[in-house]
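The values are calculated or read from the model by the stated rules, or taken from the named source; none is laboratory data. Fair warning: this is a prediction, and the values are worked out from it, not measured in the lab. Reconstructed Cβ throughout: ideal geometry from the backbone, glycine too, with neighbour counts over all protein chains shown. Surface accessibility is based on the protein's heavy atoms, side chains included, excluding ligands, DNA and RNA. Shrake-Rupley method; radii C 1.70, N 1.55, O 1.52, S 1.80 Å.
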Amino acid sequence: MKYVSGVAAVLAGVILITAVAAAVVLGSAPAHTESSAQAVADTTEVAVNPYQAPLEQMVDGFAGRYSDTTGLYVIDLTHDAQASHNESQQFVAASLYKLFVAYVVLDAVDTGERALSDIMQETGTTVEYCLDVMITVSDNACGIALGKLVGWQTIDERLWDEGYGDTTLNNYDTAGNLVTDKLTTPRDIMTLLRHLYDGTLLSATSTEYFMTLLEQQTLNYALPTGLDGGVSFAHKTGALDNISHDAGF
């Protein structure tokens with residue numbers, strides 16, 4: 001199995017498909033021009049990535065159909081090109097918040113603060129079980145339980161310290177009542193996934209485990225659409241009544 005050579009985060013009120021599959025689009029570099037203000041020809045070569053402009057055109061084409069209801073961030077990892085739209089706009093996170101919860105929980109496992117075999121009082125199941133169903137079938141009870149296990153405010157402060165400044169998961173008042181939505185941006189989601197893909201987010205063991213869970217995602221109605229059987233797509237969806245997100249590689 002091989003992964004798609006790109007990372008995509010699509011946060012939208014509509015489903016956009018094939019964003020990653022189409023990320024590698026061949027194109028030609030624009031012609032080099034000389035400045036007429038120079039007495040002699042400027043022979044300085046400017047390296048232009050021929051994959052950058054086509055990727056931008058693809059993202060702009062998708063985004064143009066849906067105006068401000070869509071946020072996208074796509075990176076072609078093979079050719080070092082990237083393009084985005086509304087990448088810093090906050091969207092209701094829906095179940096994409098579970099990516100951040102999984103990261104913080106697995107980091108606690110890496111440090112020895114938690115263990116996958118720990119029994120959670122909230123659910124009566126192990127941490128490992130809840131991580132599995134939270135990602136693969138987007139189980140909400142385990143998502144909330146794992147967030148409580150670490151602490152929502154603790155998660156937020158950790159994320160803010162690490163540069164995920166537009167993501168807020170603690171949407172409860174002091175009495176524990178739900179008062180608003182969990183929020184994130186395509187840029188914050190992309191940053192998390194890029195660090196995971198690069199192996200700089202967690203230990204090697206936790207990285208492989210997290211990637212495997214994302215690969216076993218059962219909700220495959222969006223970004224993986226159209227990929228052949230030889231390509232493995234690791235991703236996480238998020239959906240509410242008027243929201244459909246997908247992010248992965």
Next item on the list: Measure off, as a whole percent, the carbon and sulfur share of the 1.4 Å-probe accessible area of region 200-249, all protein chains present.
Entry: 53
Note to self: Rounded to the nearest percent, how much of the accessible area of region 73-186 (1.4 Å probe, protein heavy atoms only) is carbon and sulfur?
What the structure shows: 44
Margin query: About the Cα centre, and with charges only on the beta carbon of Lys, Arg (+1) and Asp, Glu (-1), how big is the dipole of region 70-132? Nearest 20 debye, please.
Written below: 200
Notebook entry, point to check: Rounded, prolate or oblate: which one fits region 137-236, using the alpha carbon gyration tensor with axes a ≥ b ≥ c (rounded when a/c is under 1.5, else prolate when a/b beats b/c, else oblate)?
Noted result: prolate
Notebook entry, point to check: So how exposed is Ser203, as accessible area in Å² (1.4 Å probe, rounded to 10)?
Noted result: 40
Next item on the list: Please label the shape of region 154-199 as rounded, prolate or oblate, based on the square roots a ≥ b ≥ c of the eigenvalues of the alpha-carbon gyration tensor (a/c under 1.5 means rounded; beyond that, a/b larger than b/c means prolate, else oblate).
Entry: prolate
Notebook entry, point to check: Given a 1.4 Å probe, how much area per residue of region 173-231 is accessible, in Å²?
Noted result: 50
Notebook entry, point to check: Once you sort the root eigenvalues of the Cα gyration tensor of region 80-205 as a ≥ b ≥ c, which label holds: rounded (a/c under 1.5), prolate (a/b larger than b/c) or oblate (the other case)?
Noted result: oblate
